[in-house]
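Before any comments, here is the structure.
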Amino acid sequence: MSVAKRIIPCLDVDKGRVVKGTNFIDIVDAGDPVEIAQKYDNEGADEITFLDITASHEGRNNILSVVEKVADEVFIPLTVGGGVKNFNDVRDLLSVGADKVTINTAAVSNPDMINNVTDRIGRQCIVVAVDVKKIDNDYIVFTHGGRTQTTLKAYDWCLECQKRGAGEILLTSMDKDGTKDGFDVEILSKISNNVTIPVIASGGAGNLDHLYQAILKGNADAVLAASIFHFGEYTICQAKEYLKAKGISVR
Amino acid sequence: MKNIAVIDYGMSNLHSVLKSLKKVINKNYNLSIAYSSKDIEDASLLVLPGQGAAHSCLEKLASDFPDLKTHIMNKPFLGICLGFQILFEKSFENDGVNCFSLITGDVKDFRSTIKKDMKVPHMGWNKVNQKYNHILWENIPDKSFFYFVHSYYAKATTETNILSDSDYEINFTSAILKDNIFACQFHPEKSSKHGLQLLSNFINWSEKLT
């Protein structure tokens, strides 16, 4: 008996509002974060991830008030990421009600940060987000929202994150992200079968079978998706029922 | 007015627990954060949330709340996660540490007992098997999912103390009940509607204790 596979809707937040867009074009206001989070909770979401995409420095405090308001009303794990730079950023998010914080660029530029944060507040709070792209048969880690290529290989970096105390890995395939073509099960299974911490699949969900394949072939512990839920193509309930019918343990 | 004191020892997800309790209490209750012994003396109900390591938690509790064990034995009590584990006799965390011995049994590391391919911490939603009917389970179906995050597990040795068990390759105790002491390994404050129901049931149950 194992834990249920998690379905995690991901919400982009800009200046305190949930926004949605396709491939970063035509970003539109999708509404109040509390209402949307409540709706997902009622549908059976196992966790909710907020990604702060606010570009301006001044707008960054908005995410704290969003998290605080959502945490007053929604009682499932809340994960928050986007622009988290240091221990204080992590602490501030946890203190307003986030349960987990994702770090990405900051972890690559200063890997000791993973140790420092997890030593002080526990490994369950830290999710390292790893954005990868396949280049000449190797999966390479990118930072700064996918704009900067590093020399790190995805497999090595994920093992290092685990060793340094990361609680989970959020693995996003940049090749698949936004394509609705399915997750990259090759890199997913390679990472998931070799780490002992949970791996969340991200990037490429276009239908319910994609979620199933990420779990079956990619061995993902959780699947994260944005557009298939935001645009009403599927509800979380439908995703759960689909997976259940295929024999996957879901809540 | 009854006061619910939530014990702060500086390393738990105190705010989530406060927010969830705030959601389920009525106007006859007041919520407060307890930083030292004097803050729990007049409390009607005690809540001990928990995260982090057993050793440092127990050290901090011993210095800030020296008479906590007596209060736990005498007031309606809710322990969550680490607040559940420290009720047992001994935890094998940090090379072994003696706990409150209010519940017989020990706390062990999943990594020492389960297969290597099982992921630790045990993180996520898992089924809670109710061992018997109780007001604490009112409106919560048997085998409902609750949210867990832990690397150590407890096994109570006195059968009547076990309110629920769960399985993560091995079977472990997921909630205990003994007199006025109720505690769970999972996080009701993060377990959506069943979690809120359990917190509400805890308040109702405490009103019926004599």
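The values are calculated or read from the model by the stated rules, or taken from the named source; none is laboratory data. Just so you know, these numbers come straight off a predicted model, no measurement behind them. We place every Cβ from the backbone using ideal geometry, glycine too, and count neighbours over all the protein chains shown. Calculation scope for accessible area: heavy atoms of the full protein, side chains included, ligands and nucleic acids excluded. Shrake-Rupley method; radii C 1.70, N 1.55, O 1.52, S 1.80 Å.
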ask   = Which of the peptides A:31-40, A:213-222 is most tightly packed, and how do the rest follow, going by the mean number of other Cβ atoms within 10 Å of each residue?
value = A:213-222, A:31-40
ask   = Of all the Cα-Cα pairs you can form in the range B:2-208, what percent are over 31 Å apart?
value = 11 percent
query = Going from most exposed to least, what order do B:Glu41, B:Glu93 have by accessible area with a 1.4 Å probe?
reply = B:Glu41, B:Glu93
inquiry  = Leaving ligands and nucleic acids out of the surface, order A:Arg60, A:Arg147, A:Arg120 by accessible area at 1.4 Å, largest first.
reply    = A:Arg147, A:Arg120, A:Arg60
The range A:6-245 - Rg and Dmax from Cα coordinates, angstrom = 16.5, 47
query = Over the range A:6-245, what relative contact order in percent results from Cα pairs under 8 Å that are six or more residues apart?
reply = 16 percent
query = In the structure shown, do any of A:Lys244/B:Lys119; A:Lys176/B:Lys115; A:Lys244/B:Lys193; B:Lys127/B:Lys155; A:Lys69/A:Lys100; B:Lys27/B:Lys127 have a Cα-Cα gap over 23 Å, and if so which?
reply = A:Lys176/B:Lys115; B:Lys27/B:Lys127
message = If the elastic network links every pair of Cα atoms under 10 Å, which of A:Asn207, A:Asn88, A:Asn137 fluctuates the most in the Gaussian network model of chain A?
response = A:Asn137
request  = For the protein assembly as shown, give the share of DSSP beta bridges that are antiparallel, in percent and rounded to the nearest 5; count only bridges with both residues there.
outcome  = 45 percent
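Just to make sure I understand: if all protein chains stay in place, what is the order of B:Leu196, A:Leu159 by accessible area at 1.4 Å, largest first?
Values: B:Leu196 35, A:Leu159 55 Å².
These residues rank, largest area first, as A:Leu159, B:Leu196.
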inquiry  = Counting C-alpha atoms alone, how compact is the range B:1-89: give Rg to one decimal and Dmax as a whole number, in angstrom.
reply    = 12.2, 37
ask   = For the pair B and A, how large is the buried accessible area, both sides, in square angstrom to the nearest 100, if the probe is 1.4 Å?
value = 2500 Å²
query = When only Cα pairs under 8 Å and 6 or more residues apart are kept, what is the percent relative contact order across chain B?
reply = 20 percent
key: Filtered chymotrypsin sites (Phe, Trp or Tyr not before Pro), the range B:1-98: DSSP coil and at most 16 other beta carbons within 10 Å   = B:Tyr35, B:Phe92
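Provide a whole-number value for the mean count of partner chain Cβ atoms within 10 Å of the Cβ atoms in peptide A:64-77.
Mean number of neighbouring Cβ atoms from other chains: 4.
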task = Could you pull the accessible area for A:Asp112 with a 1.4 Å probe, rounded to 10 Å²?
result = 80 Å²
ask   = Based on the Cβ-Cβ distance from A:Asn42 to A:Ser95, what FRET efficiency comes out when R0 is 25 Å, to the nearest 0.05?
value = 0.40
message = Springs between alpha-carbon pairs under 10 angstrom, Gaussian network model over chain B: which of B:Val17, B:Val149, B:Val107 fluctuates most?
response = B:Val149
message = Please list log₁₀ I(q)/I(0) at q = 0.14, 0.15, 0.24, 0.32 Å⁻¹ for the range A:185-230, using the Debye equation with identical point scatterers on the alpha-carbon positions.
response = -0.28, -0.33, -0.76, -1.19
task = Evaluate peptide A:118-125: per residue, the Cβ atoms of other protein chains within 10 Å of its Cβ; return the mean as an integer.
result = 4
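Restricting to DSSP H runs of at least four residues, report the calculated mean residue ellipticity at 222 nm for chain A, -39500 (n - 2.57) per run over all residues, nearest 500 deg cm²/dmol.
That calculation yields -10000 deg cm²/dmol at 222 nm.
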inquiry  = So, R0 is 35 Å and r is the distance between the beta-carbons of B:Asn94 and A:Asn193; what FRET efficiency does that work out to, to 0.05?
reply    = 0.70
task = Ignoring everything but the protein chains, give the 1.4 Å probe accessible area of B:Lys108 in square angstrom, nearest 10.
result = 90 Å²
ask   = Once both labels are modelled 7 Å past Cα along the beta-carbon direction, what's the A:Val34-A:Ser2 spacing in nm?
value = 3.8 nm
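Taking all pairs of distinct Cα atoms, average 1/r, flip it, and tell me the Kirkwood hydrodynamic radius of the protein assembly as shown in Å to one decimal place.
22.5 Å
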query = Going by a 1.4 Å probe on protein heavy atoms, which residues of the range B:125-167 end up with at least 40 Å² less accessible surface in the whole assembly than in their chain alone?
reply = B:Trp125, B:Phe145, B:Tyr147
key: Residues of the range A:105-140 with amide N under 11 Å of a point placed 7 Å along Cα→Cβ from A:Glu160   = A:107-112
request  = Taking a cut-off of 13 Å between Cα atoms, list the aspartates and glutamates near B:Lys131, but don't count ones fewer than 8 places away on the same chain.
outcome  = B:Asp142, B:Glu159, B:Asp165
message = For the range B:114-178, what are Rg and Dmax over the alpha carbons, in angstrom?
response = 12.2, 38
remark   = Quick calc of log₁₀ I(q)/I(0), the range B:61-130, Debye, one scatterer on every Cα, no solvent, q values 0.17 1/Å, result -0.79
ask   = Can you tell which of A:Cys125, A:Cys158, A:Cys237 shows the greatest fluctuation in a Gaussian network model of chain A with Cα springs below 10 Å?
value = A:Cys237
